[in-house]
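For reference, the structure is listed below as structure tokens.
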Amino acid sequence: MGLTPIFDLATRALRAQNLVLQTAGQNLANASRPSYSRQRVVLAADPPQSLSGIVVGSGVRVQEVQQVVNTLTETQLLQARSRSAGEIAARDELSQLETVLGELGGGGLQETLDSFFAAADDLALHPQGIPERTIFLATAETLAARFQDRATQLAELQRQIDERVAAAVPEVNGLLDDIATLNGEIFRAEVGGQNANDLRDQRREALGQLSDLIGITQFESNGQVTVVGPDGLPLVDRDRATHVVADKATQPTLTGLDGRALTRLGFEVSNGDFVGFSSTIGGGELGGLLAVRDTDIPSIAASLDQLAEALRTAVNAVHTNGEDLDGNAGGSLFDGTTASTLRVLITDPREVAASLGTSTPEDNQNARALAALQYTALDGTDAALGNADLDGSNFVGFLSSMIGTVGALSQTAQDRAEAAEAVTTEIQNRRAALSGVNTNEELLTLLDAQRAFQAAAILVNTATSALDAVLAMVD
Amino acid sequence: MFSRVSDVQISSQVSVNLARVQLRLQELSEQASSGVRLNRPSDDPAGAGTVIRSHSIINALGQDTRAASFARGFLGAQDAVLDDADSIITRAREIAVQQANGVASDADRAAAATEVHELLSALVAVGNSELGGRRLFSSGEDAVPGAEPFTHPDDVGFDPANPYSGSTTPLEVEIGSGRLVRVTTTGSDVFGRAIAALDDLETRLQAGTDPSASLTALELSAADISTERSSIGARVQSLDERTGQIDKTELATKEIINEASGADIVGIVTDLVALQTQLQISAAASQQILGANLASMLQV
């Protein structure tokens, strides 16, 4: 029986425990990184050997350095992050929308509408009064300007979101490139039998960041992930990435509230032509931004336009039914069919038609009719009011419903973002419970490995002493 | 429940909980400093609609108050000058009775005729009265010198049977949705018979015919004035009633706004204190939990 196997056994034990120490050290060093997945050394007993007909154990060997990861949880986390990022982006932008419309802070459309109708009321108290006529026109100007302001602010908000969408595209493409590169590196490392755990961590984090930006589906095959984007487009296939393209020029373009083209997302086909995504980009910051840009803001803008159009139609119908101070038929007070184009046509106070076509300038009936519009429910059926239509509401009623809708949209977005964040936190906790580092555990592992290392060292010493004793016998 | 807890999980949980408490603290601070619970529509979408509509109602009530105030001023001024008109008619009736007793000389009748002419001029002036540059008995139209609604008896073209050329469209103002109050009465309806009666009396005194024949017309004229004053009184009463109603509605609407948007200061202060305590406990507990690890125990 020789002593050499004992040295081999002790050497392997020293190496194995050294690796355990190193791995525990790596885990401790990365303990504060949420995206880090702890690693553990899987040790196995070496196959027993027969020495002089007696079977004895031959020590320990390192089977693998395993990354503790649950792929189902990782996939769920990507989906949750994607949804959460989308809901948070939508929530933040809808909060901006609330600020833009700002009806509760004073100086809103409601106050301006009230002032306009109050001026009509004042005109009814003194239909011949030039000051009252001047004030009536001034309030009409202010009202038109307020509509224009609101429309401009909505268009600006939509444009800001569009710029954020366009600005996010290079970031998306950078991540796609990173993932494709990491796919290649991981494949090459693992095929060569090397540990690619840290590269996998990097790829996982890149996938997480990509999910934060855009809704994706991903699956892994042979160590490489395939990332599928909108329209089933493979954004990453092995070590190749297909870039998302932001385009404003290719027909049919998407027009914003300011009349300028909005960014469309898509990809380039082989001849270099741009092809826009036909499906909605669900999830991710881009998904949330696009939903607000393309659905919520246009919907509120349409309501604002409806309000402006009803104001123009109804006021003009009443105004043209009256007579001005000089007995002439009243002209149209407002022009423009949308909030952004609403403007006042009359500049001469004498042309305000306060009387009702009886050639008596002291008559106030038309001024009263103008003032009474504030209480009138408009359902599109009254020809005398130009069939103005506010879905059966009066002006302030329609406006308050519109603001209520914005509030409900924002509140729902807040609730959804909160729920999505809660789900993400829950999955992150589940992931952290499995894959996160517990320093106490690692310290215990260190102590265990330290003792085992010391024991292996003693084994070497013991074997050396035994060998020395044998050599002494020879001497 | 998890069978295993990682360091990141503990710190993340602490961080999330602290952030949640701080967010709530920020919300409460905003409410406490603004005194308003409803700072943006999403705080309460239905409440936001109520607040907007209620503010508009208050603005409209303010407008109704202005209209009522204007009407009250106009009607009050009319009542004051109608009191003068009443005195004029009363004096004319006295003259008619005095001059009808058969002892009056020609000179007395001529003097009486002159006085009646002055009374007639005064009554026409009452009919042409203005307030703030607007005619009280001609639809409130702007007072333009030389274009009085009643022609002066000394002016060419004076027709006692038809002395009025002013507006015949009564001025009505709105003191609530669909609620109108008439502010003026056409001058001829108030003073038409009185002017004709005074002119008739003057003519009889000048001609030496029996002035008592004018008495019936003078009594009817007095009745016209009295009827108009009664009508004004009724309209002022209606305005007062509406003003009281406006005050009550405004108070109730403000209450609605307060209910929908006002901050519950007592509740906020209580919550703030509770949250601050929670924050302190949470911070202290977090420090203990995060510090309690094997490394510190082993004094590594």
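Could you give the size of the charge dipole of chain B about its Cα centre, using +1 on the Cβ of each K and R and -1 on the Cβ of each D and E, expressed in debye and rounded to the nearest 20?
2160
In 10 Å bins starting at 0, how do the alpha-carbon pair distances of region A:28-160 split up by percent?
10, 17, 14, 12, 10, 9, 8, 7, 5, 4, 3, 1, 0
Leaving out ligands and nucleic acids, note down the accessible area per residue over region B:99-189 with a 1.4 angstrom probe, in whole Å².
Accessible area per residue, region B:99-189: 44 Å².
Dipole of region B:127-226, Cα-centred, from +1 at each Lys and Arg C-beta and -1 at each Asp and Glu C-beta, to the nearest 20 debye?
340
Enter the mean number of other protein chain beta carbons within 10 Å of the beta carbon of each residue in A:437-450, as an integer.
Mean shielding by partner chains, rounded to a whole number: 3.
Taking a temperature of 25 °C and a viscosity of 0.890 mPa s, what whole-number D in µm²/s does Stokes-Einstein yield for region A:265-415 with Rh from Kirkwood over alpha carbon pairs?
134
Compute the accessible area of each residue in region A:415-433 twice, once for its chain alone and once with every protein chain present, using a 1.4 Å probe on heavy atoms, and list those whose area falls by at least 10 Å².
In region A:415-433, residues shielded by partner chains: A:Thr425, A:Glu426, A:Asn429, A:Arg430, A:Ala432, A:Ala433.
May I ask for the equivalent-ellipsoid semi-axes of chain B, computed as the square root of five times each C-alpha gyration tensor eigenvalue and listed largest first in whole Å?
Equivalent ellipsoid of chain B: 85, 15, 13 Å, largest first.
Checking buried surface per residue: for region B:143-169, which residues lose a minimum of 50 Å² accessible area in the protein assembly relative to the chain alone (1.4 Å probe)?
Residues passing the criterion (a loss of at least 50 Å², heavy atoms only) are B:Thr169.
With the contact rule set at Cα under 8 Å and sequence spacing of 6 or more, what percent relative contact order holds for chain A?
Relative contact order of chain A: 23 percent.
Can you work out ³J(HN,Hα) from phi for every residue in region A:253-267, in order, using Karplus 6.51 cos²θ - 1.76 cosθ + 1.60 and θ = phi - 60°, giving whole Hz and x for Gly and Pro?
Listing the rounded values in order: 7, 9, 9, x, 5, 8, x, 9, 5, 9, 6, 10, 9, x, 8 Hz.
Tell me the angle of helix B:265-291 to the major Cα principal axis of chain B, expressed in degrees between 0 and 90 and rounded to the nearest ten.
Rounded to the nearest ten degrees, it is 20.
Write down the Å³ per residue value for the convex hull defined by the alpha carbon atoms of region B:142-300.
That works out to 193 Å³ per residue.
Run the Debye formula on the Cα coordinates of region B:84-175, all scatterers equal and no solvent, and tell me log10 I(q)/I(0) at q = 0.10, 0.13, 0.15, 0.21 1/Å.
-0.36, -0.55, -0.68, -1.04
First compute the accessible area of region A:147-234 with a 1.4 Å probe, then give the percent of it belonging to carbon and sulfur atoms.
The value for region A:147-234 is 46 percent carbon and sulfur by accessible area.
Springs between alpha-carbon pairs under 10 angstrom, Gaussian network model over chain B: which of B:Ser11, B:Ser226, B:Ser139 fluctuates most?
B:Ser11
Which value, in square angstrom to the nearest 100, describes the accessible area buried between chains A and B on both sides, using a 1.4 angstrom probe?
4100
Taking Cα pairs under 8 Å and at least six residues apart, what relative contact order does chain B come out at, in percent?
Relative contact order of chain B: 28 percent.
Before anything else, pin down the relative contact order of region B:45-165: Cα pairs under 8 Å, at least 6 apart, normalised by residue count, whole percent.
18
Translational diffusion coefficient of the protein assembly as shown at 25 °C, 0.890 mPa s, Stokes-Einstein with Kirkwood Rh over Cα pairs, in µm²/s as a whole number.
It comes out at roughly 71 µm²/s.
Under a point-charge model restricted to the Cβ atoms of Lys and Arg (+1) and Asp and Glu (-1), what is the dipole moment magnitude of region B:1-158 relative to its Cα centre, in debye to the nearest 20?
Its charge dipole is roughly 1600 debye.
In region B:1-118, with Lys and Arg counted as +1 and Asp and Glu as -1 at Cβ, which of these residues, B:Ile58, B:Ala71, B:Leu82, has the Cα nearest the positive end of the dipole, that is, farthest along it?
It is B:Ile58, whose Cα lies furthest towards the positive end.
How crowded by other chains is B:131-139, given as the mean number of beta carbons from other chains within 10 Å of each beta carbon?
Averaged over the peptide's residues, the number is 2.
Got a sec? Charge dipole of region A:308-370, +1 on Cβ for Lys and Arg, -1 for Asp and Glu; which of A:Ser355, A:Asn328, A:Ala339 is way out at the positive end?
A:Ala339
At a 1.4 Å probe radius, carbon and sulfur cover how many percent of the accessible area of region A:393-475?
Carbon and sulfur together cover 59 percent of it.
Counting pairs of Cα atoms in region B:1-139, how many percent are more than 28 Å apart?
Pairs farther apart than 28 Å: 64 percent.
So for region A:92-183, Kirkwood radius off the Cα pairs, Stokes-Einstein at 4 °C and 1.567 mPa s: how many µm² s⁻¹?
78
Could you list the trypsin sites (Lys or Arg not before Pro) in region B:230-287 that lie in coil according to DSSP, counting only those with at most 14 other Cβ atoms within 10 Å of their Cβ?
Those that pass, being in a loop and sparsely packed, number zero.
For peptide B:55-63, what's the mean number of Cβ atoms from other chains within 10 Å of each residue's Cβ?
6
Tell me which of B:Gln26, B:Ile232, B:Asn39 sits at the most positive position along the dipole axis of chain B, charges placed on C-beta atoms (Lys, Arg +1; Asp, Glu -1).
Value: B:Gln26.
The values are calculated or read from the model by the stated rules, or taken from the named source; none is laboratory data. Just so it is clear, the model here is predicted, and its values are computed rather than measured. Note: ideal-geometry Cβ built from the backbone for every residue, glycine included; neighbour counts use all protein chains shown. The accessibility values were calculated without ligands, DNA or RNA, using every heavy atom of the protein model including side chains. Shrake-Rupley method; radii C 1.70, N 1.55, O 1.52, S 1.80 Å.
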